[in-house]
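Working notes for the structure below.
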Amino acid sequence: MKKVKIDGVSQLIPERWEECTEEQIQQLLPLQLVVLNEQEPQSRGRLKNAALRVLFPMVKKFEKDLLPEQLWALGQLTRWIWEKRLTHKPFESFEFEGVDYLLPDDNFSNTTAIEIAMANIHYLAYTRPENPNPRAVLQLVTTLCRPVRKDLKSFRKSADWNGDAREEYNTILADERAGRMTTLGLGVVMGVLQYFEAMNSRFVSMYREVYEPDPDAADLPPLYAGGEGLVTTLMEIAKTGTFGDFDKVCKQNGHTVWLFLKDTNLKIARAKVLAEQAEENE
């Protein structure tokens, strides 16, 4: 937080997303859609002033009396909004059509394997360079964010309690909700999107061995360019019977399934190395 004093009145101004309130985050994120440094000086000033009014509401009372250099200095305190992306859980939930939708916990800690797979499929559809699907970002939101389970009270007391208060993921419900959420606030959508991007980046880094390309297939085109391979991978795991049938694999915690994949890939890689060493020693 940055302490600012104007006319004898002091206030702390956030210097990063983690220091903002949920309301500030939802109001400020849409400003990122405009590239600050590509604007004319006057437009940049208006953008920074709009951000300042969110971060430092009391500035409205004094801005008419402030010198241009003072306003410029205050505006500089907002530049981080365009320079930094959100990396933490921006809000616990959001409301739409009178229903509260809970966000997943950080680090995918209460997220199932099928949610991670489907969220990545929607993300790739939304971000692909050619023919991106704008609606896919809402499918990403409804995949990860869901209402509270109606049976939460009894579920908490059951042996199946997994720490997730959200209702179970359902593809049909997620698609139906995405179709209705066309009026969902842009700040909410961007908050969930950037939260997912940060979590997913850490997740991929944690299980990087799962995503390492096969050198023997380097010249071959990918089997699935849209991320569908994540779902077929879950199908392959189901064939092993390690976690049960496909439905049970899908409902497993994502970390459990990806740890299994990591372990499998590491063992395959070691087996290849040992086989190559054996051939060299023959």
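The values are calculated or read from the model by the stated rules, or taken from the named source; none is laboratory data. Computed from a predicted structure; not experimentally measured. Neighbour counts run over all protein chains shown; Cβ positions are idealised from the backbone, glycine included. These area figures cover heavy atoms from the full protein model, side chains too; ligands, DNA and RNA do not enter into them. Shrake-Rupley method; radii C 1.70, N 1.55, O 1.52, S 1.80 Å.
The H on the amide N of Lys2, modeled in the peptide plane, is under 5 Å from the matching H of Ile13, Glu15, each at least 5 residues off or on a different chain. Cα centroid separation, the stretch 154-202 to the stretch 82-145: 7 Å. For the chain, the residue among Ser154, Met199, Gln32 whose Cα projects farthest onto the positive side of the dipole built from Cβ charges is Gln32.
Taking all protein chains together and rolling a 1.4 Å probe, Met235 ends up with roughly 90 Å² accessible. Peptides 265-271, 195-201 ordered by packing proxy, namely the average of other Cβ atoms within 10 Å per residue, highest first: 195-201, 265-271. Phi angles of the stretch 131-138 translate, via the Karplus equation with coefficients 6.51, -1.76, 1.60 and θ = phi - 60°, into HN-Hα couplings of 6, x, 9, x, 5, 4, 5, 6 Hz per residue; Gly and Pro are given as x. Placing R0 at 51 angstrom, the Cβ-Cβ distance between Lys267 and Lys60 gives a FRET efficiency of 0.25 after rounding to 0.05. Computed packing ranks the peptides 131-137, 109-115, 76-82 as 109-115, 76-82, 131-137, most packed first, by mean other Cβ atoms within 10 Å. On the basis of the beta-carbon distance and an R0 of 35 Å, Ile13 and Ser109 show a calculated FRET efficiency of 0.65. When only the Cβ of Lys, Arg, Asp and Glu is charged (+1, +1, -1, -1), the dipole of the chain relative to its Cα centre reaches about 1340 debye.
Per-residue Karplus couplings for the stretch 5-12, computed as 6.51 cos²θ - 1.76 cosθ + 1.60 with θ equal to phi - 60°, are listed in order as 10, 10, 6, x, 9, 9, 8, 8 Hz, Gly and Pro entered as x. Using the empirical formula 2.2 N^0.38 Å as the baseline, the Cα radius of gyration of the stretch 2-83 reaches a ratio of 1.05.
Take the convex hull of the alpha carbons in the stretch 1-156; its mean projected area over all directions comes to 12.9 nm².
Length gained on full extension, Trp72 to Arg180, computed as 0.36 nm times the residue gap minus the Cα-Cα distance: 34.7 nm. Entry for the chain at q = 0.07 Å⁻¹: log10 I(q)/I(0) = -0.37, Debye formula applied to identical alpha-carbon scatterers, no solvent contribution.
Mean projected area of the convex hull spanned by the Cα atoms of the stretch 124-205, taken over all viewing directions: 7.0 nm². Sequence-ordered 3J(HN,Hα) estimates for the stretch 80-94 from the Karplus curve with 6.51, -1.76 and 1.60 and θ = phi - 60° stand at 4, 4, 8, 9, 10, 9, 6, 10, 10, 5, x, 7, 6, 7, 9 Hz, glycine and proline given as x.
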